[in-house]
Amino acid sequence: MYARFRDTTLGTSSAVSDTIVLDTAPPAAFNLSTPVTGTVTNTPSPAFSWEASSDATSGLAKYQLYLDGALSRDNITSTASITTTSLITDGLHSWKVVAVDNATNSRESSSLSFTVDATPPLTVTLSSPSTGTITSATRPLFSWGPTSDAGTGLAKYQLYIDGVLNRDNIAALNTSITPTTALADGSYSWKVVAADNAGNIRESDAYSLGIDTVSPTVSQVSVAASTPVSATIIWSSSEPTSSQVEYGTTTSYGSTSSESDTATRVISHSVAITGLTPGNTVHFRVKSRDGAGNTAVSTDGSFSTFWQVFTPLLTREHSAGW
Ligand SMILES: [Ca+2]
Ligand SMILES: [Ca+2]
Ligand SMILES: [Ca+2]
C-alpha cells in the first residue's frame, strides 16, 4: 500500500508506504476430540479437547467453546482440558468449537453430544434382617427396598459386609441377595450401595447383624420352692437365653409356661409354674433359647407337691431330682 497525506493548508506530506494483509479465508478445518458423542459423565464440569486449527494468512487468534449453541467460553488459546465457566446441568448436551483468525474470520467445528448425570440414585432403604437381628443362618438373605435413578438409570447394587465389598453387580431389578460364603459366628454390619450408569453411588444406612450357631447348655436345674399348687424352677444357662418350663404329671408334660426373659435374656433363670395338684408327682424340663433361636432342653426332672393342708397338723416333705 502506498499513500501521501495532505493537511488543511494544502501542504503535502512525503510519500509513506506500509503493508497490510487482506485475509478473507477462515482458519483451517479441525476436529473435536473429547467428549465424543455417546459419552456419559458424572462430573458437571467435564474437560473438552480438540485438534488444533491454523490460519496461514493472518494467524489464529482464539478458540470459542459453545455449549448447546450458546457461547460458553471465549478467548481460548489452548486445545486441551478446557472446562466451562459454570457447571453443566444433568442431561444431554451438544458442544462445538469455533476457531477465529486475526481478521475475525471463523471456522466452526462439527458438533458432538454427551450426557451429564451428576446425581446419585435415590435413597436405598434396608429391609431385612432388621438391624440388631441375631440369626443362626450363616448365609442370611439380605433385602432392601428398590430405588431408582432419574438420570441415566440404575446400573447395579452392591452388598458390603463390615465395609468390604461382598457382592458386586447385583442386577438393578434384584432387591435381595445372600452373601458369597457362610458367615462365621459374630457381629456384622451390612449395607447396600446403588450405582447409576454414570457411576454415581448412593449408600444405605448400615444394619447390624449377629450370627450365632452355638446352642446354649443348661445346668443346676432345681426346684427352688413349692406349694401344694405351684413351684419355682431355677437353672443356669451357658449364655443369655429366654426361660421356659414344660411340666405335667407325666413325661409327656402337657403344660408350658410362657417364654419369659425374651427382651433381656439371662443366664440365671427362675420360672413359676402354677395349677399343680396337691400331693402329686410333677415332671418338668426347662428350655433355654438364645437370641438366634438355638435351644437347649434339660432332661426330665420330677418332684412331689405337698398335700393341701389347712392346719399345721400334717406336713409332707417334697423332693426334687431326676
Ligand atoms: Ca484467515
Ligand atoms: Ca443419576
Ligand atoms: Ca448361642
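A few comments on the model shown:
- Take every Cα pair under 8 Å whose residues are at least 6 apart in sequence, average their separation, divide by the length of the range 73-124, and the relative contact order is 34 percent.
- Candidate lysines for bridging to Lys191, where Cα separation is under 22 Å - those fewer than 8 sequence places away on the same chain excluded: Lys156
- Each Lys and Arg Cβ is given +1 and each Asp and Glu Cβ -1; about its Cα centre, the chain then shows a dipole of about 440 debye.
- Karplus (6.51, -1.76, 1.60) ³J(HN,Hα), θ = phi - 60°, over the range 99-114, in Hz, Gly and Pro reported as x: 9, 10, 8, 6, 9, 6, 6, 10, 10, 9, 6, 6, 10, 10, 10, 7
- Cα gyration tensor shape for the range 32-116, rounded if a/c is under 1.5, else prolate or oblate: prolate
- Placing unit charges on each Cβ (+1 for Lys and Arg, -1 for Asp and Glu) gives the chain a dipole about its Cα centre, and among Thr79, Thr41, Trp190 the Cα reaching farthest toward its positive end belongs to Trp190.
- Span from the the range 116-154 Cα centroid across to the the range 186-245 one, whole angstrom: 24 Å
- More than 14 angstrom apart: percent of Cα pairs within the range 218-304: 57 percent
- When peptides 144-150, 176-182, 245-251 are ranked by their average number of other Cβ atoms within 10 Å per residue, the highest-first order is 245-251, 144-150, 176-182.
- For the range 267-287 and the range 67-99, distance of Cα centres in Å: 84 Å
- Entry note, the chain: relative contact order of 12 percent, from Cα contacts under 8 Å with a spacing of 6+ residues.
- Computed over the chain, Kirkwood Rh from alpha-carbon pairs, angstrom: 27.9 Å
- Within the chain, DSSP assigns beta bridges of which about 95% are antiparallel (rounded to the nearest 5).
- Phi angles across the range 136-142 convert, under the Karplus curve 6.51 cos²θ - 1.76 cosθ + 1.60 with θ = phi - 60°, into 3J(HN,Hα) values of 9, 7, 8, 10, x, 7, 8 Hz, Gly and Pro given as x.
- The GNM of the chain, with springs linking C-alpha atoms under 10 angstrom apart, assigns the highest mean-square fluctuation among Ser288, Ser106, Ser86 to Ser86.
A short reminder: the numbers here are calculations on the coordinates, not readings from a lab. Remember, it's a predicted structure, so these values are computed and weren't measured experimentally. For neighbour counting, all protein chains shown are included, and Cβ atoms are generated from backbone atoms with ideal geometry for every residue, glycine included.
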